[in-house]
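Working notes for the structure below.
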Amino acid sequence: MSLIKNRLHPYSNKHTYAFIDGNFVKASTNGISIHSQSLHYGLAAFEGMRAYKTPAGVHIFKARQHFDRLLESAKRIFLDINYTTDELIDISYELLKKNDFEAAYIRPLVFAGDRMELLPSEDSHLMICAWRWPKYFKAQEVRLTISDYRRPHPKSMPINAKVSGQYVTNMLATKTAQMKGFDDAILLDSEGYIAQSAGANFFYEKDNQLFTSPKKHIFAGITRQTIIEMAKEMGIKVVEKKISPKELQNIDGAFLTGTAVEVKPVKSIDEHHVNLPFEETFGGSLAKRYHLSVSGKEVSSII
Ligand code: PMP
């Protein structure tokens, strides 16, 4: 897999210098192009998946769904790549083998070629890397705050595609939440309802029911869907509905779902603590079941 084609383009030639990190170097190096649109404008699509150690060896959880979503996200921003889902899965297992990883977080990125006009470049590139990332959050239970930053309006970009540029909002929300002493932020949607956290979906529990935001304004994750299916199998009622911030002032429990965060207990939202210990909530049972499933230790693992 070659990351960058060293092709001729109007932005530099073999004599052109650029200043990078304190040094003047040839612009046409073999690294990632300094003229890539992804760097300048955030035009890129990515995925995040986890490989788990299972009794049958390393296994990438829901690899097919993640790579199908990557190809779809890339297509939505006009960055088609010439790989099939099967090829991408094979490359990822090969990458895990080469790095000797029994468990890892895998990050594929489809990024753009060189073009400074505000039109998608006609060439695209693929990078896949992986690293050990046992836990996303340091805290055992997270303290969230409702951010002033909001999810983009669904008409402002394809919000169900995993596009790099969208993550600026999410990063600003997390940074400002942490500056106030919280672990992460909850973003409202453009209508003022609870959407999700910066990098995960949100569920809360009240009176023996689970509630989560509907798909319209959120990035409806693969983990969210897995948890909805597991809950149904376990006879837990899940209601997808618009959630007002006020509702979160008196809830029994809450948790976040996402590939990186897995099923993460929420301790509080702003000054409001959840009423029950996590182990006594549906979230606690679902977190255990999720862990068994991803690590292939449950007979009916949802792979
Ligand atoms: N929302 C956002 C903004 C995310 O980045 C992620 C992680 N990909 C999720 C939700 C959860 O998605 P998934 O469960 O597919 O990992």
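Report the Rg/Rh value for the stretch 212-303, based on alpha-carbon coordinates and the Kirkwood definition of Rh.
Result: Rg/Rh = 0.96.
Can you tell which of Ile34, Ile20, Ile60 shows the greatest fluctuation in a Gaussian network model of the chain with Cα springs below 10 Å?
So, out of Ile34, Ile20, Ile60, the one fluctuating most is Ile20.
Taking Cα centroids, how far is the stretch 217-258 from the stretch 42-70 in Å?
Measuring centre to centre over Cα atoms gives 22 Å.
Can you put Val239, Val25, Val263, Val163 in order of Cβ neighbours within 10 angstrom, beginning with the fewest?
Val239, Val25, Val163, Val263
Largest first and to the nearest Å, give the Cα extent of the chain along each principal axis.
For the chain, the Cα extents along the three principal axes come out at 68, 46, 34 Å.
With +1 assigned to the C-beta of every Lys and Arg and -1 to the C-beta of every Asp and Glu, and no other charges, what is the dipole magnitude of the chain about the Cα centre in debye, to the nearest 20?
That gives a dipole near 240 debye.
Given N residues in the stretch 104-162, what is Rg(Cα) / (2.2 N^0.38 Å)?
So the stretch 104-162 has a normalised radius of gyration of 1.65.
Need the list of lysines near Lys175 for cross-linking: C-alpha distance under 22 angstrom, and skip anything on the same chain fewer than eight residues off.
The reachable lysines, counting only those whose Cα sits under 22 Å from Lys175, are Lys135, Lys138, Lys162, Lys264, Lys267.
Expressed as a whole percent, how much of the Cα-Cα distance distribution for the stretch 37-188 exceeds 19 Å?
More than 19 Å apart: 61 percent of the Cα pairs in the stretch 37-188.
So which of Lys98/Lys215; Lys216/Lys246; Lys62/Lys232 end up more than 26 Å apart, counting from Cα to Cα?
Lys98/Lys215
Quickly estimate the mean residue ellipticity at 222 nm for the chain, helices only: each DSSP H run with n ≥ 4 gives -39500 (n - 2.57), and the total goes over all residues, rounded to 500.
After summing the helix terms and dividing by the residues of the chain, the value is -7500 deg cm²/dmol.
Just want the answer: with Cβ charges of +1 for Lys and Arg and -1 for Asp and Glu, which residue in Ser147, Ala45, Leu292 is farthest toward the dipole's positive end in the chain?
Final value for the positive-end residue is Ala45.
Along the charge dipole of the chain, pointing to its positive end and built from +1/-1 on Cβ of Lys, Arg, Asp and Glu, which listed residue (Pro245, Asn13, Phe61) has its Cα farthest out?
Positive-most Cα among the choices belongs to Asn13.
Express as a percent, rounded to the nearest 5, the fraction of DSSP beta bridges in the chain (both residues included) that run antiparallel.
Among the beta bridges of the chain, antiparallel pairing accounts for roughly 80 percent.
If the chain between Lys98 and Glu247 were fully stretched, how many nm would it gain, using 0.36 nm times the residue separation less the Cα-Cα distance?
48.8 nm is the gain from fully extending Lys98 to Glu247.
Tell me whether the stretch 126-187 comes out rounded, prolate or oblate; compute the Cα gyration tensor, take square roots of the eigenvalues as a ≥ b ≥ c, and use a/c under 1.5 as the rounded threshold.
Because a/c hits 1.5 or more and a/b fails to exceed b/c, the stretch 126-187 counts as oblate.
Readers should treat all values here as calculations from the given coordinates under stated rules, not as data from a laboratory. As the structure is a prediction and not an experimental result, all values here were calculated from the model. Because the Cβ atoms are built from the backbone with ideal geometry, glycine has one as well, and the counts that use them run over all protein chains shown.
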